[in-house]
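Engineer: The structure follows.
The values are calculated or read from the model by the stated rules, or taken from the named source; none is laboratory data. Quick caveat: nothing in here was measured; it's all calculated off a predicted structure. Cβ: placed from backbone, ideal geometry, glycine included. Neighbour counts: every protein chain shown. Each accessible area value is taken on the protein alone, full model and side chains, heavy atoms only, with ligands, DNA and RNA left out. Shrake-Rupley method; radii C 1.70, N 1.55, O 1.52, S 1.80 Å.
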2 protein chains.
Amino acid sequence: MGELPISAHLLGKTIYLGAFVHCKSLQELDICEKGAIGVDERGKIAFIERGAEDLDLIFKQHHGWTAAKVVRVKDKGFFFPGFIDTHIHAPQYGNAGIVSKSTLLDWLNTYTFPMEASLADLEKARRIYARCVARTLSHGTTTAAYYATIDVAATNLLADICLEKGQRAFIGRVCMDSDLSPKWYRDESSADTIRKSKEVVEYVKRADGGKGIVAPIITPRFAPSCHHSTMCELAEIQKENGILAQTHISENIGEIQLVKDLFPDFKHYADVYDKAGLLNSKMILAHAVHLTEAEKVVIKQRDAKISHCPVSNSALTSGAAPVRDLLDRGITMGLGTDVSGGYSPSILEVVRQTILVSRHRSFEDGEAAKLATEEALYLATRGGAKVVGLEDHVGAFEVGMDWDAQLVSLAAVPADGEKELDTPVDIYGWESWEDRIGKWTYNGDDRNTAAVWVKGRLVHQRKSFEL
Amino acid sequence: MGELPISAHLLGKTIYLGAFVHCKSLQELDICEKGAIGVDERGKIAFIERGAEDLDLIFKQHHGWTAAKVVRVKDKGFFFPGFIDTHIHAPQYGNAGIVSKSTLLDWLNTYTFPMEASLADLEKARRIYARCVARTLSHGTTTAAYYATIDVAATNLLADICLEKGQRAFIGRVCMDSDLSPKWYRDESSADTIRKSKEVVEYVKRADGGKGIVAPIITPRFAPSCHHSTMCELAEIQKENGILAQTHISENIGEIQLVKDLFPDFKHYADVYDKAGLLNSKMILAHAVHLTEAEKVVIKQRDAKISHCPVSNSALTSGAAPVRDLLDRGITMGLGTDVSGGYSPSILEVVRQTILVSRHRSFEDGEAAKLATEEALYLATRGGAKVVGLEDHVGAFEVGMDWDAQLVSLAAVPADGEKELDTPVDIYGWESWEDRIGKWTYNGDDRNTAAVWVKGRLVHQRKSFEL
């Protein structure tokens, strides 16, 4: 983690040889046991060959690739698309694992706001942000939609760090101008919110400079944090720049009541965003645990996206989101760690909890509510890509897409007493491919994420692993 | 894992120096920042000093300890009691992480019985059992209540392996003599069940030879697996030998219906065991998800124990056990991984899921159903000790108890680019002790279990860790 100076890894043509797995559809994995994926100098997938093991044959079919670097899967591993974290608070990474006995609103005041405010100290911000980016990369997260803090300089720093470490990221300065936020942690005025938001949008666009790694994202924290007029202006900034927006919705019963009290003239929580012009196809709504029928309908109509954060929803006792119902309505969904409401920076952990929480939902809603392993993996990759509007670029392996990928390393169990391997997953050899993927999904962790690439650049490599 | 020939670690007097944490009560942790625990040649705790940092002072108070070995906690770690897994199927370890799309009864026939039957091959049994014991030790499990298979030789082998590796274990040959079990995986007759059970009881007692590491446990798989008359005879064997028994109860709706159909003359599921004489204070009932009021009352009356297995109950869509209600009734409870109904061999993972599942329960039962971190850690240690009848020996640090402990290693986050540490937990230095324990509980894994002792013997050591 962090050992690799990214700039050292110049891009060249590379052939990734061995098994690869990605999601064909919500229900179906595409498992190719013997694949060859050619990635060009721009980090784009130039070809995919199936049943290919013979390099000479590949070279015959693809002239100009004979000098390409070859990266082979060892043992029982496979290439898998990088994970997409559609909801994560970078400053809260320092609190990851501190789980409140209380619920959302208390937790914000006790743990979260003080931590966020403290990152106005740029040295502390660098420490937390660098760690957060390195850790999420080490867990295979190639794209993240970040909430930073209200501080402009620290938010810009997060963009710099993502560029430096090579993680694809949406960088959001958090907007909070209402009196409900603590005096010591809010914008001075609506005008201040707008000015600072524009500053960050400009900075992040300039910093990226067309590389397509970082992009700004408009981030009103949640309805109670902002004046409605401010949200309207933020929607304008979003529209002018053609960029994404993100916020929270319907996470917790107390929060929903608060929104009702604060916005008595609106039809419902979703309506507050809708009337501001924020409920659009480029909006990511985190949580969506307790939506009403009317809200589900308008979210679908506006094609707004939902980030499902089950680890957070269980840890903060928020509830169990009705994922199957939302999917059946055709609403686009991805997964979010929601660090540190969620304790884990790992999307693989979120995949597991997505499955488990759906089973708890099924006790109420019946068998159909259960999500299969394949479905949770889809949400973590292709689903997340759609949520952040990158479905033509990341989340799967298709010709023309970017090589945003992780090498999942799985090794056979050593004999008792033999040299121990760096993996929590035990593969015996009798497992089917489905079993192997199951064992990784349920017992795997960052030790199995041997290497991670974004746009063809190597951005993480386990120190015990040689490419 | 498995690198250490246990016999090499002769016992000598040892002083464990540094922070230690254990459970004072269900609600309260006892955190001693500067402790010294003296463990004698028999592996028993001879003294506990608090606020002790000066070895000379300790030597003055405890003559005869000047030559003792000293094991110091480094960095921000602490000693914690070893975990007690009150329900685990050792043969199913080979399937850990293969989570069925289906529920209990299907899963038994598709995954579980074939795997168990295949362990009549002793070479395969050794491979799986050795791995299971080494892995659970590496996760800090110092005591386990094991179900083996119906095979006598393989079950005896499990006892040998536990002795060899130094894990405290209850070894149960699984009893299945009813027609409901597959023809290719059941005892030949009731007489066969009884004979084989006696054989294993005798073997395990002899193998232990008074060392107090392994003990037999009577193991009728669950009511549908055994004729009632067989269960009655098993209860006799239990009584004669004064040993524990274990079985399953009320895990899944389909299973409960099956029991109702099979035993129409009994009041309820618990009554089937009660009438057989098995519902007693030395019985461990796994799951107990859907108990009726009458069953809860009789379980409390008989002082039978319950093993809570939330990972399994969620993964197999069995339900969410009403832990708070059971605890409030004064029923003794511990935690179980239920590998491989539960996908993880880690009790720390079960601790997390105990908390999360209790929060899902609270959506129905109200706030009081929520279990705190301290409570789940209690169930994993002192609670489990009571379940297996060892509360005077393990599960906490008290003078006269055995040193069954784990060294939890927590290190400060290295600066960006500095040498990476072998831990998934990030400690910055500003955390309170409660925060630190929280970070370990929620994000920790076997990388933080630096060393493990049973009865004072070092039975596991992370290879990257020096004592």
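Engineer: Over the range B:273-346, what is the mean sequence separation of C-alpha contacts under 8 Å (at least six apart), divided by residue count, expressed as relative contact order in percent?
Structural biologist: Relative CO of the range B:273-346 lands at 32 percent.
Engineer: Now for a different question. Give me the one-decimal nm value for the distance between modelled label points at A:GLU236 and A:GLU418, 7 Å along each residue's Cα-to-Cβ direction.
Structural biologist: Using points 7 Å along Cα→Cβ, the separation is 6.8 nm.
Engineer: Moving on. Along Cα-to-Cβ, 7 Å out, sits the label point; list in nm, shortest first, how far the one on A:PHE363 is from those in the other copies.
Structural biologist: Label point to label point, same position, other copies: 0.9 nm.
Engineer: For the range B:133-176, what's the relative contact order in percent, using C-alpha pairs closer than 8 Å and at least 6 residues apart?
Structural biologist: Computed over the range B:133-176, the figure is 50 percent.
Engineer: Applying the Karplus parametrisation 6.51 cos²θ - 1.76 cosθ + 1.60 with θ = phi - 60° to the phi angles of the range B:326-343, what ³J(HN,Hα) value in whole Hz is obtained for each residue in order, glycine and proline being reported as x?
Structural biologist: Once θ is set to phi - 60°, the couplings for the range B:326-343 become 5, 5, 4, 7, x, 6, 7, 9, x, 10, x, 6, 6, 3, 10, x, x, 7 Hz.
Engineer: Are any of the pairs B:LYS124/B:LYS196; A:LYS124/A:LYS275; B:LYS124/B:LYS165 more than 29 Å apart by Cα-Cα distance, and if so, which?
Structural biologist: A:LYS124/A:LYS275
Engineer: Can you list the residues, at least 5 places off or on another chain, whose amide H is less than 5 Å from the amide H of A:ILE217, using H built in the peptide plane?
Structural biologist: A:ILE171, A:GLY172, A:ARG173
Engineer: Which residues among the range B:133-174 fall inside the zone where the amide N is under 16 Å from a point 7 Å beyond the Cα of B:LEU11, along Cα→Cβ?
Structural biologist: Answer for the range B:133-174: B:143, B:163-169.
Engineer: Counting only residues 5 or more places away or on other chains, whose amide H sits under 5 Å from the amide H of A:ALA451 once H atoms are built in the peptide plane?
Structural biologist: Long-range HN contacts for A:ALA451: A:LEU407, A:ARG462.
Engineer: Say R0 is 45 Å: what FRET efficiency, to the nearest 0.05, do B:HIS63 and B:GLU391 get from their beta-carbon distance?
Structural biologist: That pair, B:HIS63 with B:GLU391, gives E of 0.90.
Engineer: Counting C-alpha atoms alone, how compact is the range A:13-53: give Rg to one decimal and Dmax as a whole number, in angstrom.
Structural biologist: 11.0, 33
Engineer: Per-residue HN-Hα couplings for the range A:17-26, Karplus 6.51 cos²θ - 1.76 cosθ + 1.60 at θ = phi - 60°, whole Hz, x for Gly and Pro?
Structural biologist: Along the range A:17-26, the couplings run 10, x, 5, 9, 9, 8, 9, 7, 8, 4 Hz.
Engineer: For the range B:200-346, which whole-number percentage of the solvent-accessible area (1.4 Å probe, protein heavy atoms only) is attributable to carbon and sulfur atoms?
Structural biologist: 52
Engineer: Determine the relative contact order of the range A:83-388: mean sequence separation of Cα pairs under 8 Å and six or more apart, normalised by residue count, in whole percent.
Structural biologist: 21
Engineer: Can you pull out the trypsin sites (Lys or Arg not before Pro) in the range A:369-467 that DSSP calls coil and that have at most 14 other Cβ atoms within 10 Å?
Structural biologist: Those that pass, being in a loop and sparsely packed, are A:LYS419, A:LYS463.
Engineer: Also, I was wondering about something else. In the range B:91-109, what residues drop by 30 Å² or more in accessible surface going from the chain by itself to the full protein assembly, probe 1.4 Å?
Structural biologist: B:GLY94, B:GLY97, B:ILE98, B:VAL99, B:LYS101
Engineer: Hey, another quick one. Set Lys and Arg Cβ to +1 and Asp and Glu Cβ to -1, take the dipole of the range A:83-388 about its Cα centre, and tell me which of A:ALA288, A:ALA385, A:THR354 lies farthest positive.
Structural biologist: Most positive-ward Cα: A:ALA385.
Engineer: Can I ask one more? For A:VAL399, place a label point 7 Å from Cα along the Cα-to-Cβ direction in every copy; what are the distances to the other copies, in nm, shortest first?
Structural biologist: With the label placed 7 Å along Cα→Cβ, A:VAL399 yields 7.9 nm.
Engineer: Below 16 Å, Cα to Cα, which lysines can A:LYS439 reach? Residues fewer than 8 away in the same chain don't count.
Structural biologist: A:LYS76, B:LYS101
Engineer: Starting from the exponent 0.38 and prefactor 2.2 Å, build the expected Rg for chain B from its residue count and divide its actual Cα Rg by it.
Structural biologist: This ratio for chain B stands at 0.96.
Engineer: Further question: What's the average, rounded to a whole number, of partner chain beta-carbon atoms within 10 Å of each residue's beta-carbon in A:355-363?
Structural biologist: 6
Engineer: Please compute the per residue accessible area over the protein assembly as shown with all protein chains in place, 1.4 Å probe, rounded to a whole number of Å².
Structural biologist: Heavy-atom accessible area per residue stands at 33 Å².
Engineer: Let me ask something else. For B:LYS296, give me every one of the aspartates and glutamates with a C-alpha distance below 12 angstrom, ignoring sequence neighbours fewer than eight places off in its own chain.
Structural biologist: Candidates past the 8-residue exclusion: B:ASP271, B:ASP325, B:ASP328.
Engineer: I would also like to ask the following. Can you tell me the dipole magnitude for chain A around its Cα centre, using point charges on the Cβ only (Lys, Arg +1; Asp, Glu -1), in Debye to the nearest 20?
Structural biologist: That gives chain A a dipole magnitude of about 720 debye.
Engineer: For the protein assembly as shown, what are Rg and Dmax over the alpha carbons, in angstrom?
Structural biologist: 28.0, 85
Engineer: Another question, if that's okay. Could you point to the residue in B:LEU407, A:CYS226, A:GLY336 farthest towards the positive end of the protein assembly as shown's charge dipole, with +1 and -1 charges on the Cβ of Lys/Arg and Asp/Glu respectively?
Structural biologist: Value computed over the given set: B:LEU407.
Engineer: Which order do the peptides B:393-405, B:195-207, A:343-355 take when ranked by the mean count of other beta-carbon atoms within 10 Å per residue, highest first?
Structural biologist: Top of the packing list down: A:343-355, B:393-405, B:195-207.
Engineer: Taking accessible area as the heavy-atom solvent-accessible surface of the protein chains with a 1.4 Å probe, which residues of the range A:436-467 lose no less than 40 Å² upon going from the isolated chain to the full protein assembly?
Structural biologist: Buried on complex formation: A:LYS439, A:TYR442, A:ASN443, A:ARG447, A:LYS463.
Engineer: How long is the gain from B:ARG195 to B:SER102 if the chain were fully straight, where each residue apart is worth 0.36 nm and the alpha carbon distance is subtracted?
Structural biologist: Here the segment from B:ARG195 to B:SER102 would lengthen by 30.0 nm.
Engineer: By per-residue mean of other Cβ atoms within 10 Å, what is the highest-first order of B:267-278, A:119-130, B:140-151?
Structural biologist: B:140-151, B:267-278, A:119-130
Engineer: Where does the protein assembly as shown land at 222 nm, in deg cm²/dmol rounded to the nearest 500, when only DSSP H runs of n ≥ 4 count, each adding -39500 (n - 2.57), divided by all residues?
Structural biologist: Rounded to the nearest 500, it is -10000 deg cm²/dmol.
Engineer: While we're here: Rounded to the nearest 20 debye, what is the charge dipole size of the range B:396-467 about its Cα centre when +1 sits on each Lys and Arg Cβ and -1 on each Asp and Glu Cβ?
Structural biologist: 320
Engineer: Given charges of +1 on the Cβ of Lys and Arg and -1 on the Cβ of Asp and Glu, with all other atoms neutral, how large is the dipole of the protein assembly as shown about its Cα centre, in debye to the nearest 20?
Structural biologist: Here the protein assembly as shown has a charge dipole of around 1040 debye.
Engineer: At A:THR110, with labels set 7 Å past Cα in the Cβ direction, how many nm apart are the copies from this one, shortest first?
Structural biologist: From this label point to the equivalent ones elsewhere in the assembly: 4.2 nm.
Engineer: Which residue is it, in chain A, whose C-beta lies closest to the A-to-B rotation axis, and what is that distance in whole Å?
Structural biologist: Output: A:HIS360, 2.
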